[in-house]
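These notes are about the structure you will find just below.
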Amino acid sequence: MRRLSTHVSWIVGVVGIVCLAINFSDVLPRRVVTAAPGAADARKLSVTFREVAREVLPSIVAIETHGKAAAMSGVDPDDEENSLKELFKQNPQFREFFRERKEQRDAPRTTRGMGSGFIIDEAGIILTNSHVVRGADEVNVRLHDGHNYIATEVKMDDNSDIAVLRIKDAKNLKAIRLGDSDTAEIGDWVLAVGNPFDVGMTVTAGIISAKSRGLGIARREDFLQTDAAINPGNSGGPLLNLDGEVIGINTAISSRSGGSEGIGFAIPVNMVKWISQQLITHGKVRRAYLGIQIQPLTSAMSRSLKIDGVDGALIAGIGKDSPAANAKLQEGDVILELNGRKVATTQMLQAVVERLEIDKTYKALIVRDGAKLEVPITVREMPENFLAGGVRPGNGGGRGRQNPQPKEESFNTLGLQIKELTESAAKELGFEDKVAGVVVSGVEPNSAAAQAGITVGKVIEKVGGKKIASLKEFDEALKTASLKDGVTLLVSSPTGKSFVVVQSDNK
């Protein structure tokens, strides 16, 4: 009984403590757990990401390419073996060894590449980058369900880095939806999907960081920039909006490490739509062209040309017998509109021009000498060998010879030494076509001209809009120019032309 009574007392005590604790808790403030501000919105965004990924992943493909490349060779393939051959030349059993080694060294090697793509038609049409499949002997397409197919058709446009693939006999393909890249704005959420480093389909998130980027890696550029992680192997995969629509093809990254550093670039899908349709219909891209070399406007250039703002494309060069030449356009003209569409950048002008109907006449709004003019231009099909910019470069023969010894003469107010340009000097510099102007024979270090990027060997064709063909004309034009306000020069080299503003620091 004592033992029992003891247990009973212990139980009663425990119950009393529990009750006391319960009663005591009633007087303490209760802690109410609530969601952090914005958590609900974050969960909604997460659900959106999840739904987009679920919808599009069946339409994304991994691409593997195979090709043959010549084996790497040294300065002389046999040099590394000469001493061994000399040492063992009396031993016949080594002759076979050296023969087999040479065959292995000279044998072509198999190369392997990887990338991504996406299905745009259930008939088996796939989009990717041309650099993913360029030079491949075989293009293998792996679908989301694991099935593999060999591409039976590959059509590429290297100017834009876009390629169209076709696979046959594939069942239950799901085409992805194409959006409108023009409606994408800086700050919009986007998803990048692809096969980075061949680890498998991967989805990353980020925003549109910038638009209309030009990197100099393709002849037709108008990139969307994003901080969504893009790595080797992502090339050719889609950049998506939150509606699950493709707004771009992931194409390039800016990276010091070779991996993602938050600066990726995608070709806008509106460019992709037009180019892919051209490839599917014609097997190539038929572009209209004006035949001009263009450059963006700077604030200093705008002031010099008496233009408000920096919108527009500045004509720096005009090709012979080109649509622009036939329309009497001039170097120094600025194109503000074409076919009723505003031109804010050089990329925008290229995008407008190349989609125009070939052999049709359109109106261009330009600025010339501070006045606005409307000029009719009949566009033609771009020649196969036409390079971006419209001015054919020279053969590069002047490269390395563009540093003639300057005369013992004083530098002018720009910080330049100038001499007459003879026909033989022009050929020596690498110019194939006739060029008129004066040649830069010396640049004073730290001068206004040096800071503007003018180098020895450049030819100056215009000063302040005035054409020059001699030292006298150059000096006369320079007298009316103001270094304080900025002197506009049209300079040329065998590879093209550009306008440069030379201005003193003392404003």
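A few comments on the model shown:
- Residue check, Asp321 surrounded by fewer than 15 Cβ atoms within 10 Å (Cβ to Cβ), out of contact with any Cys (no Cβ under 6 Å at 6 or more places or on another chain), in the same structural domain as Glu357 (by TED's automatic domain parsing) and of a type in the set (D, E, K, R): yes
- Here Asp359, Asp333 are screened, and the one residue that is closer than 25 Å to Val491 by Cβ and not assigned by TED's automatic domain parsing to the domain that holds Glu245 is Asp333.
- Filter pass, Leu365 being modelled with pLDDT under 90, crowded, with 17+ Cβ neighbours inside 10 Å and under 30 Å from Gly214 (Cβ atoms): no
- Residue tally, condition in contact with a helix residue (DSSP H, G or I) (Cβ under 6 Å, 6 or more places away or on another chain) and in contact (Cβ under 8 Å) with a residue 40 or more places away in the chain, over the stretch 222-231: 1
- If you go through the stretch 462-507 and pick out every residue that is part of a strand (DSSP E or B), free of Cβ contacts under 8 Å to residues at least 60 places away in the same chain and over 17 Å from Phe411 (Cα atoms), you end up with 4.
- Looking only at the stretch 263-274, and only at residues there that are within 16 Å of the chain's Cα centre (by Cα) and assigned to a helix (DSSP H, G or I), the one that is nearest to Ile126 (Cα to Cα): Val272
- The single residue among Asn172, Asn270, Asn241, Asn234 that is surrounded by 24 or more Cβ atoms within 10 Å (Cβ to Cβ), within 22 Å of Ile119 (Cα to Cα) and not hydrophobic (A, V, I, L, M, F, W, C) turns out to be Asn234.
- Every residue from the stretch 125-138 that is farther than 18 Å from Val272 by Cβ and either more than 24 Å from the chain's Cα centre (by Cα) or not aliphatic (A, V, I, L, M) (or both): Gly135, Asp137, Glu138
- Pick from the stretch 152-164, criterion part of a loop (DSSP other than H, G, I, E, B) and under 26 Å from the mean Cα position of the chain (by Cα), ranking: modelled with the highest pLDDT: Asp161
- Among the residues of the stretch 354-389, those identified as touching a strand residue (DSSP E or B) at 6+ places or on another chain (Cβ under 6 Å) and hydrophobic (A, V, I, L, M, F, W, C) are Leu356, Ile358, Ala364, Leu365, Ile366, Val367, Leu373, Val375, Ile377, Val379, Met382.
- Just one of the listed residues (Ile315, Ile294, Ile335, Ile275) is buried (at least 23 other Cβ atoms within 10 Å of the Cβ), closer than 19 Å to Glu374 by Cα and in contact with an Asp or Glu (Cβ under 6 Å, 6 or more places away or on another chain), and it is Ile315.
- Unique residue being β-branched (Val, Ile, Thr) and closer than 21 Å to Ala344 by Cα when the list is Val269, Val190, Val199: Val269
- Flag if Ile307 is of a type in the set (Val, Ile, Thr) and either at pLDDT below 90 or surrounded by 21 or more Cβ atoms within 10 Å (Cβ to Cβ) (or both): yes
- When every residue of the stretch 176-183 is checked against the conditions, at least one turns out to be part of a helix (DSSP H, G or I), of a type in the set (Ser, Thr, Tyr) and within 26 Å of Leu242 (Cβ to Cβ).
- Subset tally (residues that are hydroxyl-bearing (Ser, Thr, Tyr) and within 12 Å of Gly206 (Cβ to Cβ)) for the stretch 216-253: 1
- Residue that is surrounded by the fewest Cβ atoms within 10 Å (Cβ to Cβ) [pool: residues in the stretch 175-206 that are among the β-branched types (Val, Ile, Thr) and in contact with a strand residue (DSSP E or B) (Cβ under 6 Å, 6 or more places away or on another chain)]: Ile186
- Selection from the stretch 365-385 of residues that are in contact with a Leu (Cβ under 6 Å, 6 or more places away or on another chain) and either assigned to a loop (DSSP other than H, G, I, E, B) or more than 22 Å from Arg303 (Cα to Cα) (or both): Val379
- Verdict on Ile186 being in a loop (DSSP other than H, G, I, E, B) and touching a Lys or Arg at 6+ places or on another chain (Cβ under 9 Å): yes
The values are calculated or read from the model by the stated rules, or taken from the named source; none is laboratory data. No experiment lies behind these values; they were computed from the predicted model shown. A quick note on method: Cβ atoms are made from the backbone with ideal geometry, for glycine too, and the neighbour counts reach across all protein chains shown.
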